[in-house]
Each structure stands twice: as C-alpha cells, then as structure tokens.
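If you scroll down you'll find the structure; I have some questions about it.
The values are calculated or read from the model by the stated rules, or taken from the named source; none is laboratory data. Computed from a prediction, not measured in an experiment: that's the story for all the values here. Cβ sites come from the backbone with ideal geometry, for glycine too, and all protein chains shown count toward neighbours.
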Amino acid sequence: MKHDPLADMFSIIKNSEARGKKECEVPASNLIKNILKIMEEHKYIGKVERINDDRGGKFKIKLIGRVNNCNVIKPRFSLNKNEFIKWEKRFLPAHGVGILILTTSKGVMDQEEAKKHGIGGQLLGYVY
C-alpha cells in the first residue's frame, strides 16, 4: 500500500540504480515532476518522460548510474537561509557532493538556488 509517493519515488530510483536497470517508472504528481526536473538538471538522471494511464500517469526515467543514494527527509524540517551548512553536514557525505531538495515560497529548488535567492524552506529530500 502506497502512502507517500515522494518516498516511493526515491526508493524506486535508488533500488533500480542498485540493480543496474536502465530505466524505471515512478508515480506522477506535480511535486515529483519538479523534483525530477532538479535531478535532471544536476545530471543524476537522464531524460524524464510522462506516460498517461487510467490511474493518473507515471514518469519513465532514464537512469545513467549516477545516483549513489537518495531519500526523502521526514519529518519535513524547516530551515532558514542561515542553516544550509548544518543540514548539508547531516544528510550529504561531503561538502560539494550531492544536493538537498527543498520547497520554498518560490517553488521547489536545490540548496544552491535557495542560497542565491536568500530564502529558506522545508526539506523534501537529498540526492548524491
């Protein structure tokens, strides 16, 4: 039974990468679309394609073997613009390795973009 589509998406990607698959399918939603877009911009995954079906749709993701680990962050910790280093140390393996994905008042973005805008938000997940 699926209760958290975001956690399902991260676990499907991580497990498919670990098994050496070339592509996978994850449930579709606007939040997942925005997170996949960020992962694609940072070249953790390849091309993302939307597949429509009778249950709302799915995304087909081309995997390129760059995801070592990814996961949802629960509870959704709030962070302000001065706390990025604290959370990077907690969830990422080293400085400059991986990205934190967060939701802000200006949409879903990674920690570097949030630093440029000078805003905080709530943590959704991480990828490295």
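Of all residues in segment 97-128, count the ones that are outside any helix (DSSP H, G or I) and under 22 Å from Ser11 (Cα atoms).
Of the residues in segment 97-128, 17 are outside any helix (DSSP H, G or I) and under 22 Å from Ser11 (Cα atoms).
Do you know which residues across segment 66-96 are part of a helix (DSSP H, G or I) and within 16 Å of the chain's Cα centre (by Cα)?
Those that are part of a helix (DSSP H, G or I) and within 16 Å of the chain's Cα centre (by Cα): Trp87, Glu88, Phe91.
Give the number of residues within segment 1-31 that are more than 18 Å from Asn69 (Cβ to Cβ) and of a type in the set (A, V, I, L, M, F, W, C).
Residues in segment 1-31 being more than 18 Å from Asn69 (Cβ to Cβ) and of a type in the set (A, V, I, L, M, F, W, C): 3 in total.
Hey, another quick one. Do we have Leu31 as aliphatic (A, V, I, L, M), at pLDDT 95 or above, assigned by TED's automatic domain parsing to the domain that holds Gly121 and surrounded by 11 or more Cβ atoms within 10 Å (Cβ to Cβ) here?
no
Filter segment 72-102 down to residues that are touching a Gly at 6+ places or on another chain (Cβ under 8 Å) and touching a residue at least 60 places away in the same chain (Cβ under 8 Å) and give me whichever is surrounded by the fewest Cβ atoms within 10 Å (Cβ to Cβ).
Out of the qualifying residues, it is Val72.
Here's a follow-up. Go through segment 1-54 and give me each residue that's assigned to a strand (DSSP E or B) and over 17 Å from Asp110 (Cα atoms).
Glu23, Cys24, Glu25, Val26, Pro27, Gly46, Lys47, Val48, Glu49, Arg50, Ile51 - these are the residues of segment 1-54 that are assigned to a strand (DSSP E or B) and over 17 Å from Asp110 (Cα atoms).
How about segment 1-49: which of its residues are in contact (Cβ under 8 Å) with a residue 40 or more places away in the chain and touching a helix residue (DSSP H, G or I) at 6+ places or on another chain (Cβ under 7 Å)?
Those that are in contact (Cβ under 8 Å) with a residue 40 or more places away in the chain and touching a helix residue (DSSP H, G or I) at 6+ places or on another chain (Cβ under 7 Å): Leu6, Leu31.
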